[in-house]
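Below is one structure, written out as structure tokens; comments come after it.
The values are calculated or read from the model by the stated rules, or taken from the named source; none is laboratory data. Here the structure is a predicted model, which means the values were calculated and not measured. A quick note on method: Cβ atoms are made from the backbone with ideal geometry, for glycine too, and the neighbour counts reach across all protein chains shown.
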Amino acid sequence: MNRDPGLICFKHCKSDIFVFSVPKSCPECNADLTTNTDITPFSIPFPFTRASQYPCSLVLRPTNGDFLRSYSNNADLHIGVTNSRGNIFSYDEHGLKEEPAKDWDECLSIQCNTTSSDVFETSWDSALNTCLQSTTRIITTATHLF
Ligand SMILES: [Zn+2]
């Protein structure tokens, strides 16, 4: 599934303006763009990735919504890492958890493993599972205290 909505950029009134389609008027200054031939819109490569397709990576997405349609500079971000199979391990107010990849279809990814060796992937997965089990054990132990 192609998630690229076709992001376009053009310059007007000394601003870089990012839109999904060229509007009839400038969103910054309201100038009529239908007769303005000075703007040269160009397509922006889609910068986001599907986390499940980036094994052994650091992944980042807005806590709510998505980057293109609802994100603002003061909104919270959610961070996770993927194992060698692209499953997501993230941390929130309930601790470390393994979660479905479906909520991570439009995120920023930073690959942690550029060599893709079996030894690295095995160690990476083992470390993630150890952390997940440790967190579960701590939460379970803490629950028994109350
Ligand atoms: Zn303008």
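Tell me which residues, restricted to segment 1-56, are within 13 Å of the ligand (Cβ to nearest atom), surrounded by 13 or more Cβ atoms within 10 Å (Cβ to Cβ) and of a type in the set (D, E, K, R).
11
Condition test on residue 62, is it surrounded by 13 or more Cβ atoms within 10 Å (Cβ to Cβ) and within 16 Å of the ligand (Cβ to nearest atom)?
No: the conditions fail for residue 62.
I need a count of the residues in segment 20-56 that are assigned to a strand (DSSP E or B) and either in contact (Cβ under 8 Å) with a residue 12 or more places away in the chain or of a type in the set (Phe, Trp, Tyr) (or both).
Looking only at that region, the number is 3.
Would you mind finding the one in 7, 108, 77 that is assigned by TED's automatic domain parsing to the domain that holds residue 134 and touching a residue at least 60 places away in the same chain (Cβ under 8 Å)? Outline the logic, then answer.
Working: 7 fails: assigned by TED's automatic domain parsing to the domain that holds residue 134; 77 fails: touching a residue at least 60 places away in the same chain (Cβ under 8 Å).
None of the others qualify; the one that does is 108.
Return yes when residue 100 is surrounded by fewer than 16 Cβ atoms within 10 Å (Cβ to Cβ), at pLDDT below 90 and over 30 Å from residue 14 (Cα atoms) and no when it is not.
Working: surrounded by fewer than 16 Cβ atoms within 10 Å (Cβ to Cβ): yes; at pLDDT below 90: yes; over 30 Å from residue 14 (Cα atoms): yes.
So residue 100 fits the description; yes.
Answer yes if at least one residue in segment 64-71 is within 11 Å of the chain's Cα centre (by Cα), without any contact (Cβ under 8 Å) to a residue 60 or more places away in the chain and either closer than 29 Å to residue 122 by Cβ or not assigned by TED's automatic domain parsing to the domain that holds residue 120 (or both), and no otherwise.
no
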